[in-house]
Amino acid sequence: MNRFVSRCFSTFALAALMGAPLSLTHATDMSKTVRVAFQVDVTGFDPQATNDLYSGHVNNAIFDVMYEFDYYVRPMKLRGSIADGLPEISPDGLTWKIKIKKGQYFADDPVFKGKKRELVAEDLVYSWKRMLDPKLISPSLWHIDGKVVGMDEHVAEAKKTGKFDYDKPVEGLKAIDRYTVQMKLVRPDYVLIELMLGYNWSPVAREVIETYRDPGGRVMNNPVGVGPYRIKDWKKGSKIALIKNENFREELFVTEGEPDDAETLARNKGKKIPLVGNVEINIIEEGNPRLLSFKSGALDYEFVGIDMIASVVQAGKLDPALAAKGVKHQRAIEPALSYDFFNLEDPIVGGRSLEKIALRRAIIMAFPNDDYVRIVFRDQATPANQIIPPTQTGHRANQKNSIRQDVQLSNALLDHFGYKDVDGDGFRELPDGKPLVVTRSSTPRALDRETDELWKKTFDALKIKVQFNTQKWPDLLKQGRAGQVQFWGLGWISAATDGNSFVQLLYSKNIGQSNFARLRDKQYDELYEKAQTLPIGPKRWALYAAMNDIAMANSVWVPGVFRYQNVVMQPWLINYKRNPFRQHFWHFMDIDESKRPK
């Protein structure tokens, strides 16, 4: 167990700031604005109640995170953000003490009645309990469920009474002084500190939640956090404006980095973060207008939509016209998986019988994944051959793809299991003669329309009727969590380095949260639970591989793709450095107004 402690502190050792603190002579420049666009609107701003990518970008800025990867250091290394250093962990790995920095204050809000509200350890206790409140149905429940001593009984009581008692002491989670939280774990958790990179562990103020909560206990429209920014304006579906949180703690620009970062670190030494006072986020769903906005100078950087990549990169190099303007380009594979899932509780495509597995397998084998990569992703992806992407530990580098396109074999499989045209209309029925109609969900975006065209051709080749449920992303997300979609495509991206974030997508206790396929498999669950007891390494990864094989054998997912990320940056955007596990670090960015076109 000493090796467990050693790993945490050797791998994630926090670099000390060089030199004594300087006087804060470089205040945030409130005249500057970082401008960016999202392709999808946010769903809301409650760290314990959201887990979609775009809400996460904003939540990181509003609420801050317990830990973050040191922005300029490679290989990646953890440092405290809200936390004052890394956790103190007992030799057996069971007791964690986490200190928070003093002098951190929530953004002003009427609920505080004109007084500055300091963040204290009790706020973390309250916030982390929220993930466990059955009423909230937190999508991050899997982060903490079953891990804290005495908490299972507390949750069971809440399920019985219908009310979670936040004031009842729990042995495994308590504030031992004003700035220190103690957690006692049921067993060592080797990925917990990386989970705390996520905003789901960010603190909220109890009085804010109790004032603004909806019937489900969520506060999606009134975010009050301790992060570097706060919401200035939010026009749903259109625009989000952030402004510096005047109560943000006194913190200076980082001082550690790689040799190439020396100039950046020297230029910003002693400057208070955030450097820029405003962030403007426009919701622009289609790739073409986003790219046009970037080219016109209205956006400072852009994650180029795959439908627009040919306008940016040619023969692997940045378009000469953009390069001539000083635009920079970075490309790398994301710690992400894009996949299509079947709802295993659906009466048509769900179930675990051989004929149901055969139906799903036939659909998977008939889909032209190579065309999907070429047409929809513009070769900015690679076909996925497993659950865990190549950026994560636990990925099997030499894993062969067990799925290949074979429409003829797919039709033969359907014939064998009794999916035949009974009424003579040219389309197959179920083996019992009932109608066979598959409903695929998607958004109105152009890329989804292209994907739907490939799926239409696929189902036509199988002589299966298909219809499309086209709705906005936030609405589909709600339906998906409730088990109300039959067949849909999703993406999952991780803020951590280990593959655990991906294998948990099929753990049965995560149904209604992250397990959209609603797989319930005893063997899979046992493997997942056993993996949680093992240190990060080959034995743990072998269990990941076995879980992957179960998912493939049951044809739970269309495997999908591992996608590449392309980002272009204007010459006046400075301090930007790509981080594979977090896209937006607005508090470190700066704008050189002398280079921005007038």
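Considering every residue within the range 436-447, establish whether at least one is closer than 30 Å to residue 92 by Cα, in contact (Cβ under 8 Å) with a residue 24 or more places away in the chain and not acidic (Asp, Glu). No, the conditions are met nowhere in the range 436-447.
Residue 388 meets the conditions (1) part of a loop (DSSP other than H, G, I, E, B); (2) among the hydrophobic types (A, V, I, L, M, F, W, C); (3) surrounded by fewer than 21 Cβ atoms within 10 Å (Cβ to Cβ); (4) touching a residue at least 12 places away in the same chain (Cβ under 8 Å) in every case but one. The failed one is (3). Does residue 197 qualify as being touching a helix residue (DSSP H, G or I) at 6+ places or on another chain (Cβ under 9 Å) and aliphatic (A, V, I, L, M)? The answer is no for residue 197.
In summary, residue 129 fulfils each of the numbered conditions (1) within 21 Å of residue 45 (Cβ to Cβ); (2) touching a residue at least 60 places away in the same chain (Cβ under 8 Å); (3) not acidic (Asp, Glu) with the single exception of condition (2). Of 75, 47, 91, all but one fail to be free of Cβ contacts under 8 Å to residues at least 24 places away in the same chain and not polar (S, T, N, Q); the exception is 75. Taken residue by residue, the range 417-433 has at least one member that is outside any loop (DSSP other than H, G, I, E, B) and within 25 Å of residue 348 (Cβ to Cβ).
Which is surrounded by fewer than 18 Cβ atoms within 10 Å (Cβ to Cβ) and assigned to a loop (DSSP other than H, G, I, E, B), of 250, 285?
Result: 250 is the single residue among 250, 285 that is surrounded by fewer than 18 Cβ atoms within 10 Å (Cβ to Cβ) and assigned to a loop (DSSP other than H, G, I, E, B).
List, please: which pairs have Cβ atoms under 8 Å, are six or more places apart or on different chains, and start with a residue in the range 490-509 that is touching a residue at least 12 places away in the same chain (Cβ under 8 Å) and surrounded by fewer than 21 Cβ atoms within 10 Å (Cβ to Cβ) and end with one that is polar (S, T, N, Q) and assigned to a helix (DSSP H, G or I)? Cβ pairs passing all conditions: 492/501. Exactly one residue out of 227, 217 is touching a helix residue (DSSP H, G or I) at 6+ places or on another chain (Cβ under 6 Å), over 26 Å from residue 530 (Cβ atoms), crowded, with 19+ Cβ neighbours inside 10 Å and in contact (Cβ under 8 Å) with a residue 24 or more places away in the chain, and it is 227. Screening residue 396 on (1) within 26 Å of residue 307 (Cα to Cα); (2) of a type in the set (D, E, K, R); (3) within 23 Å of the chain's Cα centre (by Cα); (4) assigned to a loop (DSSP other than H, G, I, E, B) shows it passes everything except condition (1). Just to check your reading of the model, which residue among 536, 550 is part of a loop (DSSP other than H, G, I, E, B), β-branched (Val, Ile, Thr) and at negative phi? Exactly one of 536, 550 is part of a loop (DSSP other than H, G, I, E, B), β-branched (Val, Ile, Thr) and at negative phi, namely 536.
Of the residues making up the range 307-365, those that are surrounded by 15 or more Cβ atoms within 10 Å (Cβ to Cβ), among the small types (Gly, Ala, Ser) and under 26 Å from residue 404 (Cα atoms) are 336, 338, 350, 351, 358, 362. Summed over the range 253-301, the residues that are of a type in the set (A, V, I, L, M, F, W, C) and either within 29 Å of residue 376 (Cα to Cα) or touching a Lys or Arg at 6+ places or on another chain (Cβ under 6 Å) (or both) give a count of 10.
Here is the figure for the range 45-77: residues that are farther than 16 Å from residue 583 by Cβ and not in a loop (DSSP other than H, G, I, E, B) total 2. Pairs meeting the criteria (first residue in the range 107-121 and crowded, with 16+ Cβ neighbours inside 10 Å and assigned to a helix (DSSP H, G or I), second residue at pLDDT 95 or above and of a type in the set (A, V, I, L, M), beta carbons under 6 Å, at least 6 apart or on different chains) are 111/208; 121/175; 121/181. If you take the residues of the range 322-353 that are closer than 30 Å to residue 294 by Cα and small (Gly, Ala, Ser), which of them is farthest from the chain's Cα centre (by Cα)? Within the range 322-353, the match that is farthest from the chain's Cα centre (by Cα) is 324.
Filtering the range 419-471 to residues that are of a type in the set (Gly, Ala, Ser), surrounded by fewer than 19 Cβ atoms within 10 Å (Cβ to Cβ) and under 25 Å from residue 377 (Cβ atoms) leaves 446, 461.
Scanning the range 84-101 for residues that are in contact with an Asp or Glu (Cβ under 8 Å, 6 or more places away or on another chain) and assigned to a loop (DSSP other than H, G, I, E, B) returns 93, 101.
Annotation: of all residues in the range 5-49 being at pLDDT below 95 and charged (D, E, K, R), the one that is surrounded by the fewest Cβ atoms within 10 Å (Cβ to Cβ) is 7. Among residues of the range 72-96 being within 30 Å of residue 264 (Cβ to Cβ) and of a type in the set (Gly, Ala, Ser), the one that is surrounded by the fewest Cβ atoms within 10 Å (Cβ to Cβ) is 85.
One residue stands out in the range 288-302 among those that are touching a strand residue (DSSP E or B) at 6+ places or on another chain (Cβ under 8 Å) and in a loop (DSSP other than H, G, I, E, B): the one that is nearest to residue 585 (Cα to Cα), namely 300. Each residue in the range 459-480 was checked for being closer than 20 Å to residue 348 by Cβ and in contact with a Ser or Thr (Cβ under 9 Å, 6 or more places away or on another chain), and 12 pass.
The values are calculated or read from the model by the stated rules, or taken from the named source; none is laboratory data. Worth saying up front: this structure is predicted, and the values here are computed from it rather than measured. Glycine also receives a Cβ, built like all others from the backbone with ideal geometry; neighbour counts cover every protein chain displayed.
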